[in-house]
Amino acid sequence: MTINPKKLAKQPEHPLDDLIRTERIPHIWCPGCGIGTAFSSCLSAIKATGIPYNKFTMVSGIGCSARGAGYIKLDSFHTTHGRAIPFASGIKMAKPDLKVIVFSGDGDLFAIGGNHFIHAARRNMDLTVICVNNLTYGMTGGQCAATTPNKAKSTTTPLGNPDSPFNLPLLAYAAGASYVARWTILHTRDLTTAINEAIVRKGFSFIEVLSPCPINYGRRNKEKPLDTLRLYQDKTIIKNGADPARADIDFEKGVVIGKFIDIDRSTCDDRYTELHRPCSDD
Amino acid sequence: MKPAVLTGEHYITGDIACAEGAIAAGCLFFGAYPITPATEIAEHMAERLPDIGGTFIQMEDEIAAIASILGAAWTGVKSMTATSGPGFSLMMENLGFGVCTETPCVIVNVQRTGPSTGLPTMTGQGDMMQARWGSHGDYELIALAPSSPQDCFHQTIRAFNLSEKYRVPVLIMSDEIVGHMSEKVVIPEASEIHLVDRPKPTGRKDRFKLYEADPNGVAPMPAIGEGYNIHVTGLTHDERGYPAMNVEAQEAMMTRIKGKIQGNLDDIIETESYRMEDAEIVIVSYGISVRTGLAAVDQAREMGYKAGLLRLVTVWPFPEAMIREIATRVKGFITVEINLGQIHYEVERCSGGKAPAFLVGSAGGKIIHPDKVIACIQEKF
């Protein structure tokens, strides 16, 4: 009979360790949560760009997803609730050569921070905004969000949500985003590719990542952890170039995922330089 | 293309002088949302900043405006916003974030009369307690009150210097009259303007701790992109800047945030005295109301009262020790301010019952007439 060693002499290195504040692990995310997968895709995408790490900064607001900024080993900012985008806009406009990534949740970016989102998209602020959408407020225990499906149960809609949720790709497109995509945490390769494209693409890039919250959303809506992943596998329709107006989240009909928008248009900082900066031969 | 420092004599408003003071201080980022009576600062910065390599951005609201200047500050630039009452209220949460993360920046509040929308085009000094306590939790910050356009220029430079030196948001508590009145403003040669830049880290990057303070209580501050891999959070954090959810970390953080201000009061607090040498009646004032106080002192002296004026140039931190000392040797205090009692209560608290403290205030809308101060002197002394 062999005896397993009690502890490995040295933990094997994870390929993303160079981008993680390993001294802050374990993280706060619950078993079955999808944020870690989205976060890991984001790190892989950053690495794949080949851009020096000190050219990146990550900004987040408040919530479970927003804790990502505390685990990434880059200059990172965990700001106030809903205000990651204007904070990031200040960074971008003051130092346009930085790659500024906003990593936050649906509650943070679209309820309390909704106004900032549409204005940054309108200006085509050169940010990469990654929204982990788990359809609820996870950190505060499962309240109704601006993304919670109609009739879904939450602690603040115990009899079902009377309201309709945002269609986030449509909102981003209508407000003026240059790049809009939606993937789930089951589609990690596509998601990583999308984040990579979004970082490289100049302008306001938006990626929605559907992600399960079994503890605070699934539990109240008869959705076990694996059920959510099955929905992501069986009830999603990959359709690049799809009309964002058809991107409502309705798993009975099927949910459109893929890259909706990828266009090249001048950014906020480019136009500011063009319109306001004095010419060199002035 | 105009130079950054417009050396010479100008006839400009307090708002414009404030903007020119910011530019002379090295401000290169301004984010704002229009609001009366502070809009002219934004308009002037929009025109001036691009020429000198700076950036102006009009944000979607005041919450975004202060968020943008906090973000910009971490890229290493000096940044500022300007607003008035309603916008100041919206900025309160992020003001606390600025204090907690020790982010240098300057916030101008050209005060108008409140509460709520109030009298948007008319003066007031009703935001003085909000300036001190408006964001949630305990904290320290610095607030200065200019009383003329020349003073706006000078105090804005001082605000940037203090902000950089102590890594703290500094408030300029101007008001509608100071902001909108035109007077002579003398802008000195650039070489004569003393500027302070935030302390920068010098040691090994792998051993760097974001909030490891120097002996004066202030920690050196790197900028984004310099390779320090900083983490900045509004959660209670340890010396490394990492979230630390415990009482000990909270105490250590608060000790630093309060200590760097309380430990440097002599450098931060500035007051001015007028005919105070033998004064028995001390008029305490700040901002536009200083002019009421000056006129009242002269008038009272002519009437035979030994009156003097103590002008609070720095309002927060409050010059507690000075008021306590003065209280032991005078007949009383009269605080003149365009509100119904804010700094008056601080004077009363610090006088500790040793000298009575009276208020000559108003509900707002206009400068207080010196006659009201004289009437108070005649009634109480």
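Quick look at the numbers
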{"item": "Scan of the range B:215-235 for residues that are without any contact (Cβ under 8 Å) to a residue 60 or more places away in the chain and polar (S, T, N, Q), ordered by number", "result": "B:N216, B:N229"}
{"item": "Among residues of the range B:189-236, those that are within 14 Å of another protein chain (Cβ to nearest Cβ) and of a type in the set (D, E), counted", "result": "2"}
{"item": "Residue check for B:E239: outside the structural domain of B:T39 (by TED's automatic domain parsing) and of a type in the set (D, E, K, R)", "result": "yes"}
{"item": "Any hit, the range B:74-95, residues being under 15 Å from the mean Cα position of the chain (by Cα), surrounded by fewer than 22 Cβ atoms within 10 Å (Cβ to Cβ) and either free of Cβ contacts under 8 Å to residues at least 40 places away in the same chain or outside the structural domain of B:S285 (by TED's automatic domain parsing) (or both)", "result": "yes"}
{"item": "Matching residues, the range B:155-194, being over 25 Å from B:G85 (Cα atoms), basic (K, R) and in a helix (DSSP H, G or I)", "result": "B:K165"}
{"item": "Filter result for the condition that a residue is outside the structural domain of B:P317 (by TED's automatic domain parsing) and either surrounded by fewer than 20 Cβ atoms within 10 Å (Cβ to Cβ) or modelled with pLDDT under 95 (or both), over B:E226, B:E164", "result": "B:E226"}
{"item": "Elements of type strands (runs of 3 or more DSSP E) contained in the range A:146-248, each with 3 or more residues being under 29 Å from A:T267 (Cβ atoms)", "result": "A:179-184, A:205-210"}
{"item": "Selected residue (only one of A:K10, A:K95, A:K47 is facing chain B (nearest Cβ under 9 Å), out of contact with any strand residue (DSSP E or B) (no Cβ under 7 Å at 6 or more places or on another chain) and either surrounded by fewer than 24 Cβ atoms within 10 Å (Cβ to Cβ) or closer than 25 Å to B:D238 by Cα (or both))", "result": "A:K95"}
{"item": "Test: residue in the range A:106-114 that is surrounded by fewer than 24 Cβ atoms within 10 Å (Cβ to Cβ) and facing another protein chain (nearest Cβ under 8 Å)", "result": "no"}
{"item": "Filter result for the condition that a residue is modelled with pLDDT of 95 or more and within 21 Å of A:P86 (Cβ to Cβ), over A:D126, A:D163", "result": "A:D126"}
{"item": "Yes/no for B:V373 being in contact with a strand residue (DSSP E or B) (Cβ under 9 Å, 6 or more places away or on another chain), part of a strand (DSSP E or B) and of a type in the set (A, V, I, L, M)", "result": "no"}
{"item": "Which numbered condition B:A82 fails, given (1) within 25 Å of B:E226 (Cβ to Cβ); (2) small (G, A, S); (3) away from chain A (no Cβ under 12 Å)", "result": "(1)"}
{"item": "Evaluation of A:T57 against (1) under 22 Å from B:G234 (Cα atoms); (2) surrounded by fewer than 24 Cβ atoms within 10 Å (Cβ to Cβ) (one fails), failing number", "result": "(2)"}
{"item": "Selected residue [surrounded by 24 or more Cβ atoms within 10 Å (Cβ to Cβ), part of a strand (DSSP E or B) and among the aromatic types (F, W, Y)] from A:F87, A:F117, A:F77", "result": "A:F77"}
{"item": "Of all residues making up the range B:236-252, the number that are surrounded by fewer than 16 Cβ atoms within 10 Å (Cβ to Cβ) and either among the acidic types (D, E) or over 26 Å from B:I268 (Cα atoms) (or both)", "result": "5"}
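The values are calculated or read from the model by the stated rules, or taken from the named source; none is laboratory data. Predicted model, so just to flag it, every value in this text is computed and none were measured. Using ideal geometry, Cβ is built from the backbone for each residue, glycine included, and neighbour counts are taken over all protein chains shown.
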